[in-house]
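The values are calculated or read from the model by the stated rules, or taken from the named source; none is laboratory data. Since we're looking at a predicted model, the values are computed, not measured. When we count neighbours, we look across all protein chains shown, and the Cβ atoms used for this are built from the backbone with ideal geometry, even at glycine.
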Amino acid sequence: MPSPELSALPESDRAAVEAAVRAIVDGGGENVKGIALVGEAVPPRRHAGAARLRLVVLLAHTHVATLTNLGRNLPPGVELSIYASNEFPRAADVFALELAEQRTRHILLHGRVPYDSVPITSRLLRLAIERELRVGIRALRGILWGEPAAVAARLEDVVRRLAIVAYQLPPVMGAVGVEGDDADEAALLRDLCARTDTDDGWVAAWEAHHEGEALGSPVSIAADVLTLLEETVAMVDAYGAADGMASGPGDSLLD
């Protein structure tokens, strides 16, 4: 019987995840300390088309032979993010946004993945959010004149990452955001548009796209997303300046 959390996945995804866990445990043995499903496929899904299956794997050691064994019988379509146990708590300074999102949205499948021991401070997360926003701005500024199909493909990744920012940003700024089952991608993006006083008309078209409709004008949507990114990074900058971007022992840890 699948776990209650996994039972919410489509049957094909559930089978792939369960097969991947078996392959990892069989290949790594006692070296495997923890496995968790993370990301957009964790129920409730962020949007109708969210199907990326990613597992975080915690190992006692990451010898090449062990890594080779882990992937030997891995089913297609499953991605792994692999950490050594002793490096996992130290990864927050460079992966603050990624780990904060995983801590919020994960299903433990084997052993223990100690997200509660990862010291994600408000400053680290704010800096990671700003970096994510600036990467998205750079990506869209460099492709607006491209073919619509290429723009749409780039948008998929930028908007997926922007929804993560939209969820993680309010607590950093001392605000309350969209929570629980209401925190789907469309609700998060509309909330961010409201916070930045930008037009959210494009969100409905993006939501319909994930329901199977053709994306009418990827370039026009990309321009709206670019505006949202620029206004959000300006808001984050202003908050950081007002907060003094303080660092050191006084930094607050985020729960």
Next item on the list: For the stretch 40-52, indicate whether the set of residues that are touching a Lys or Arg at 6+ places or on another chain (Cβ under 6 Å), outside any helix (DSSP H, G or I) and at positive phi is non-empty.
Entry: no
Checklist line | Which numbered condition Ala60 fails, given (1) modelled with pLDDT of 90 or more; (2) out of contact with any Ser or Thr (no Cβ under 7 Å at 6 or more places or on another chain) | finding: (2)
Margin query: Let me confirm something: among Arg112, Arg105, Arg138, Arg126, which residue is basic (Lys, Arg), assigned by TED's automatic domain parsing to the domain that holds Arg14 and closer than 24 Å to Leu228 by Cβ?
Written below: Arg105
Checklist line | From the options Gly216, Gly212, Gly142, Gly180, residue that is modelled with pLDDT under 95, of a type outside the set (Lys, Arg) and under 23 Å from Leu99 (Cβ atoms) | finding: Gly180
Next item on the list: Tell me, yes or no, whether the stretch 159-173 has at least one residue that is modelled with pLDDT under 95, closer than 21 Å to Glu40 by Cα and in contact with a Pro (Cβ under 6 Å, 6 or more places away or on another chain).
Entry: no
Checklist line | Enumerated helices (runs of 4 or more DSSP H) restricted to the stretch 63-162, each holding at least 2 residues that are farther than 26 Å from Trp206 by Cβ and hydroxyl-bearing (Ser, Thr, Tyr) | finding: 64-71
